[in-house]
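Working notes, beginning with the structure itself.
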Amino acid sequence: MAGPTVPLGIVRDERSALRPPARTTAEAIAQSIRADIIGGRYDAGERLRQVELAKQYEVSTTPVREAFAILQRQGLVRLHPQRGASAIVPNTKDLEELYEIRVELECLAVQHAARNFTPADAPALRELIAQMRVCRDADQYVELNHHFHMGIYRLAQRERLVEMIEQLRMASQAYLQITSDRAVILGDAENEHDDILDACEANDPARAAAATRDHLGLTVANAVAQLDHADATRGLASARAIL
């Protein structure tokens, strides 16, 4: 169900104007395939044929293979030994399940972090929030957001808990890729990040957990709304409100 041939460098994502121009051929191809996956032009699990895509974009197979690696890191492609790549199409059911688990674990971690928090922990985290406020590269924004949250959770000094959270956050990467453009433009998440960090600085576990729960609830609500919009023509089940 792949889309028609598109000249290299032209991305079919309606939000692509928010992104800086791709720096490499592989990035340009990755952006175009990403738009196809999120836009519903591939079915979940549909094979992405490297040779066919190379012909479509009029390139060798090398940048297509590199594009697959980029999309795998973004949670939108699964690479299979001997079988190539397949599309991972985000859906509301998986999103809800991921966030139901994440909320409980991340609220637990931030409570421990708030108890352990010292004044020396704040500057690096404040700097990450400042960088997010001025960031206009959606992919970089996702990275900064990840570093901020994991930077706090590691202060919990609960190694297994932090490892579980990191795995779940990586599994959520595809949804972050969908919502990152909006976050970059509106900057609305930074006030929520401030609330989380303020509570940690105050060594207030209950307040830190409440701020984290609110933040993740708004994040998932935004992702669900965008998935509902993308899924409207695909007949997927509508999202249930959670949190």
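Taking R0 as 30 Å, what FRET efficiency do you get between Met150 and Ala221 from their Cβ-Cβ distance, rounded to the nearest 0.05? Kindly include the intermediate steps, with their values, before the conclusion.
Details: r = 22 Å, r/R0 = 0.75.
Taking R0 as 30 Å, the efficiency between Met150 and Ala221 is 0.85.
Between Ala202 and Arg126, what length comes free when the chain is fully extended (0.36 nm per residue of separation minus the Cα-Cα distance, one decimal in nm)?
25.9 nm
Determine the gain in length on full extension of the stretch Arg115-Arg213; use 0.36 nm per residue of separation and subtract their C-alpha separation, reporting nm with one decimal. List each step's numbers first, then the result.
On the way: separation 98, 0.36 × 98 = 35.28 nm, distance 1.73 nm.
Using 0.36 nm per residue and subtracting the Cα-Cα distance, I get 33.5 nm.
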What nm value, rounded to one decimal, do you get for the distance between Glu159 and Ser60 when each label is placed 7 Å out toward the C-beta?
-> 4.4 nm
Want the number for His80 to Met170: 0.36 nm per residue separation, take away the alpha-carbon distance, what's left?
-> 30.6 nm
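Above 17 angstrom, tally the Cα pairs of the range 16-87 and express them as a % of all pairs, no decimals. Walk me through the numbers on the way to the answer.
Numbers: 940 of 2556 pairs.
In whole percent, the long-distance tail amounts to 37.
Where a number appears in this text, it was derived from the coordinates with a stated rule and is not lab data. Keep in mind that what you see is a predicted model, and the values were worked out from it rather than measured. Cβ atoms come from the backbone with ideal geometry, glycine included; neighbour counts cover every protein chain shown.
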